[in-house]
1. Tell me the label only: which of [x] 241; [y] 116; [z] 147 is volume of the Cα convex hull per residue in Å³ as calculated from this structure?
2. Which ordering of 208, 61, 96, 144 is given by a fewest-first count of other beta-carbon atoms within 10 Å?
3. To test your reading of the geometry: what angle, between 0 and 90 degrees and rounded to tens, separates the Cα axis of helix 127-139 from the longest principal axis of the chain?
4. Measuring from label point to label point, each 7 Å out along Cα→Cβ, what is the residue 107 to residue 175 span in nm?
5. With each run of n ≥ 4 DSSP H residues scored as -39500 (n - 2.57), what mean residue ellipticity at 222 nm is computed for the chain after dividing by its residue count and rounding to the nearest 500 deg cm²/dmol?
6. Between helix 210-221 and the chain, what is the angle of the helix's C-alpha long axis to the longest principal axis, kept within 0 to 90° and rounded to the nearest 10?
7. For segment 176-283, what is the Kirkwood hydrodynamic radius in Å, using each pair of distinct C-alpha atoms?
8. Got a sec? Which residues in segment 22-36 would a label at residue 118 touch, if it sits 7 Å along Cα→Cβ and we count backbone N under 20 Å?
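Coordinate-derived values only; no laboratory data. What you are looking at is a predicted structure, and each value in this text was computed from that prediction instead of being measured. Virtual Cβ from ideal backbone geometry, glycine too; neighbours counted across all protein chains shown.
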């Protein structure tokens, strides 16, 4: 997910779908515990999955496995473009458990399920039908959501697909050492984001001086270290607002590492386009329509 997209945590749901229309994507590398499909219906830009980079455009469908660093950044919006429109579907590993595939009716999904351990890129032959099926998952609740997800996945399984690989041919792909550094910095931020974090500390941890670290980080992550930390804190705050109704905004700000309410509100609005209070109200609104 992107820092400026509304975040929906799936701790209480196994399948989550979000649709975005005309957005400007400015992302930094991140990972989570869920599988993630991203279908782009309009717009273009750059993607990164692990150490590989490539271009996305209308019709792109990518699958990112759990715990895989990934990021999306759209091309600059101009008078001739209206941003990116996309549908993101995230689901937990258990949704496609091994026992489910003992059922004969699931045999059509087995090929794609067995390939999901690696990032996949699909050749979408019917964009309108795919968009309609993903939207049907978004509208459903409970068992109906699971059923519609399987119907959407059955369509996806019928598309040609391949493992994302060096065939993208991007010379800027990260090598193993740089990926290890990215992972180390990410773990450092995850463990320290509630307190003050300095660029100097992060640089020293990965064996670089500050100037070299700044160049490395912008090249690898597509953003500055300060911006990455702020985005991480906003992500954490959004998760608290969506899942813990009894916590105050002051507590959310403090538990997310913001030194003041002013900074919390400013960064939250900058990255999610809304206030923390408005985000909480929207996140806690249950969609009842099937």
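1. Derived directly from the coordinates: [z].
2. Sorted ascending by nearby Cβ count, the order is 144, 208, 96, 61.
3. Between helix and principal axis, roughly 70 degrees.
4. 4.8
5. Helix contribution divided over all residues of the chain: -12500 deg cm²/dmol.
6. Helix 210-221 sits roughly 10 degrees off the main axis of the chain.
7. 14.6
8. 35-36
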